[in-house]
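The values are calculated or read from the model by the stated rules, or taken from the named source; none is laboratory data. Nothing here was measured: the structure is a model prediction, and the numbers come from that model. Here the Cβ positions follow ideal geometry from the backbone for every residue, glycine too, while neighbour counts run over all protein chains shown. In case anyone asks, the SASA skips ligands and DNA or RNA and just uses the protein heavy atoms, side chains included. Shrake-Rupley method; radii C 1.70, N 1.55, O 1.52, S 1.80 Å.
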Amino acid sequence: MSHVREQFRSVLARPTCTLAANIFDPLSARIAHMLGYDVCVLSGSAGKAANLAVPDLVLSTMSDVVDHCRRITRSADVSLMVDAEDGFGNAVNVMRTVKEMEAAGVSGIEIEDNAVPKQFNVSDPGLVSQREQVGKLKAAVAARTDPTTVIIARTSALAQCPLDEALERIRAYSDTGAEALMLVGAPRGRSDLEAVQQATTLPLCVLNPPPEVRDDPDFLAAHGVRILML
């Protein structure tokens, strides 16, 4: 167990919505810590740009991301939430990714349902099957060695599927043992969050919701959003 993971869990347990700091290296993490942010987020796009100077394509490996995380957590006493892409492969790869990220001091590990690698000239590669993603999330939960590490089911389903299909995925992901759910956007705005709150009891993390939702912290808190990322 670690106090930064306990702090991350305390943020998810609050009745309020916390704004996360978008960081990209050890120095930005230190600055966020000095400014009093409770959660730092290392996104895939920021991590690739800062660490490798490459765009947000599948041009980084699991080891690249783990090394980046280790440098951050050694330099700054922060609760770090990390975009672990699709877990860098199948369910077996996901298990290794979780173990390596735990050893690097990560508090929250996001496993996404986007299909990778991205294809050239294809703007929307779609999602992996619900069955495959459920298996990956179960593998991630089973791989933890520290029970305070939080596995986060990250989904783009609201933007890429009909609402009923997206909610079916969210309900399935919620039954895997993952302890938080990350929504990549909320294209229908408030109605998306209202529907998701009815589908899951997990605390929500939301990335780049529409401005009318983003700028209403009371609405976010009332509908289960515990971490907001911009």
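Kindly identify the stretch 2-63 as rounded, prolate or oblate by the Cα gyration tensor criterion: order the square roots of the eigenvalues as a ≥ b ≥ c, call it rounded if a/c is under 1.5, otherwise compare a/b with b/c, prolate if a/b is larger, else oblate. Prolate is the answer for the stretch 2-63, as a/c is 1.5 or above and a/b outweighs b/c. This model, with +1 at the C-beta of Lys and Arg and -1 at the C-beta of Asp and Glu, gives the chain a dipole about its Cα centre of some 480 debye.
With r defined as the distance between the Cβ atoms of Asp218 and Arg71 and R0 fixed at 35 Å, what FRET efficiency is calculated, to the nearest 0.05?
Values: r = 37 Å, r/R0 = 1.06.
Efficiency computed from Cβ-Cβ geometry: 0.40.
A 1.4 Å probe run over the protein chains yields, for the stretch 28-90, 43 Å² of accessible area per residue, whole-number rounding. What is the percent carbon and sulfur in the accessible area of the chain, measuring with a 1.4 Å probe over the protein chains and ignoring ligands? On the chain, the fraction of accessible area on carbon and sulfur atoms equals 53 percent. By definition, a body whose alpha carbon gyration tensor gives a ≥ b ≥ c is prolate when a/c is 1.5 or more and a/b is larger than b/c, and the stretch 1-129 fits this prolate description.
Could you point to the residue in Val65, Val128, Ala50 farthest towards the positive end of the stretch 30-157's charge dipole, with +1 and -1 charges on the Cβ of Lys/Arg and Asp/Glu respectively? Positive-end residue among those listed: Val65. Distance distribution note for the chain: the fraction of Cα pairs above 32 angstrom is 11%.
All other residues whose Cβ lies under 11 angstrom from that of Lys99 are scored, Lys and Arg at +1 and Asp and Glu at -1, for a net of -1. Note on the stretch 132-175 and the stretch 61-87: Cα centroid distance 20 Å, given to the nearest whole angstrom.
Shape class of the stretch 114-230 from the alpha-carbon gyration tensor: oblate, with a/c at 1.5 or above and b/c at least as large as a/b. Based on protein heavy atoms only, the stretch 120-185 ends up with 43 Å² per residue of surface accessible to a 1.4 Å probe.
The calculated 222 nm mean residue ellipticity attributable to helices in the chain amounts to -13500 deg cm²/dmol, summing -39500 (n - 2.57) over DSSP H runs of n ≥ 4 and dividing by all residues.
Val78 sits among other residues whose Cβ lies under 10 Å from its own Cβ, and their net charge, with Lys and Arg +1 and Asp and Glu -1, is -1. DSSP bridge analysis restricted to the chain gives an antiparallel fraction near 5%, rounded to the nearest 5.
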